[in-house]
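Trainee: Have a look at the structure that comes next, please.
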Amino acid sequence: MAASPPTAAPDRLRAQVLAEWAPVTPLRSPWRRAAWIAPLAAVTAGIAATYWGPQPDWAAPGFVLTATLSAVQWTAGLALLALALREAVPGRTTRPAAMLAVLAAVVVILAVNLAAKDSVAAAVVPAGREWRFWALCFRGPLMLAGPVLVLGSLFAARAFPTRPAWAGALAGLAAGVLSDAGWRLGCSVTEASHVVGAHWLAIGMASGLGAALVSVADAVRWRR
Amino acid sequence: MSTGSEREHHLHAQMVAYQAGRVEAFDALYAALAPEVRAYLVAACRDASRADDLVQETFLRLHRARATYQPGLPVRPWVRGIARRVYLMDRRAAARRGRREDAVVAEARSVPAGSLGRGGERPGLERALAGVPASARQPFLLHHLFGFTFAEIAARLGIEVGAAKVRSSRARVRLRALLGGGADGR
């Protein structure tokens, strides 16, 4: 005989619930929470842009276009962060097709920005300094993505993500994109191998770190 | 009979009251959602007793995550998301338990002939053990093979003492049937 459907909470569950009873403040919307992180993201992007001082291409006539595209990238990064925080809420997971579309959009934005900057003021890595430039432009944006990465991941972990790795990867990707929006202004090199191999790799690494961070935070909480 | 939107409106009102700290809202939500959550979990794990445990776990997790519900959004997808996560975490834990049980069976294989019965019976016993649901096999082995008390088993597996006894008993009945001993245990 099938068991009758449960209609009253068992005593043990009720006791556990009452032991942790307290009014709570509902989570704000993903956009609102992303907006809380926006000032920090703006500061780190600003530091990234000015870290090496004024660049030769800043005086070029097309710099307004480059700067505008950086602002577009920064806004896209903030939207990604909101998406990560939305993904972290139970029942609001992003469909795979939408996730792929978002990733494709990020790649398109980065590629358009690279092509635009190259058309405004093309610059290559000085001969013999490839590895040094690579190390600086991998480490720099990654480190500057750190504060947003940590805060965004913690916000995502706090929301009880049903797919923590995805939520963390999106938060990390957002942090990388936000940081690179500034760093790309401070690095005058437009050589595709450098930008993809260092800047984009840093963004990918930030995404991986976000996935790891939220997964670990979630695993720790799940053991409670 | 209430329509879907009326029901959702009621659930939403209860959820807001729950977040505000009204105890009766938890009871109302449990009464309204537990049957649906149980049906989902039974369909997912195909084990009614396991599903009952997971319903409790879902509502405990739901309680801890109640702040993540955003007023204005539908309640049921939020609850379903939590139930799905509880189910997936349980499945992962079961896989880990399965690996540990493999080690237990390997250890059982090393027990001298006669300890598990006559030497010729042991391969049959192992095959029969594999036919017992994983959730019941572990309490049975821990109790009958390794001599743990049910209280120890309950603490180790994170379940109630009664649940450990029931599962072990189910495993014994199933084993008897698989070994051809019939319901009387011969």
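Trainee: Using the 2.2 N^0.38 Å rule of thumb for compact globular proteins, work out how the protein assembly as shown stacks up: its C-alpha Rg over that value, please.
Mentor: This ratio for the protein assembly as shown stands at 1.29.
Trainee: Also: Translational diffusion coefficient, Stokes-Einstein: compute it for the stretch A:1-160 using the Kirkwood radius over C-alpha pairs as Rh, at 37 °C and 0.692 mPa s, and state it as an integer in µm² s⁻¹.
Mentor: Once the numbers are plugged in, D ends up at 167 µm²/s.
Trainee: How large are Rg and Dmax for the stretch A:61-147 when calculated on the C-alpha trace, in angstrom?
Mentor: Taking only Cα atoms of the stretch A:61-147, I get Rg and Dmax of 16.4, 52 Å.
Trainee: Percent of alpha carbon pairs in the stretch B:1-66 separated by more than 18 Å?
Mentor: For the stretch B:1-66, the share of Cα pairs beyond 18 Å comes to 42 percent.
Trainee: Compute the helix-to-body angle for A:96-120: its Cα long axis versus the longest principal axis of chain A, expressed 0 to 90° and rounded to tens.
Mentor: On a 0 to 90 degree scale, this one is about 20.
Trainee: Could you work out the pair-distance distribution P(r) of the stretch A:120-224 from its alpha-carbon pairs, with 5 angstrom bin width and percents rounded to whole numbers?
Mentor: 2, 15, 23, 18, 14, 10, 8, 6, 3, 1, 0
Trainee: Cα axis of helix A:63-87 to longest principal axis of chain A: angle in degrees, 0 to 90, nearest 10?
Mentor: 10 degrees
Trainee: The stretch A:137-183 to the stretch B:11-73: how many Å between their Cα centroids?
Mentor: 31 Å
Trainee: Among A:135-142, B:142-149, A:203-210, how do they line up from the highest to the lowest mean number of other beta-carbon atoms within 10 Å?
Mentor: Going by the mean number of other Cβ atoms within 10 Å, highest first, we get A:203-210, A:135-142, B:142-149.
Since every read-out is calculated from the coordinates, none of them should be taken as a lab result. Remember, it's a predicted structure, so these values are computed and weren't measured experimentally. Positions of Cβ are generated from backbone atoms using ideal geometry, with glycine treated the same way; all protein chains shown enter the neighbour counts.
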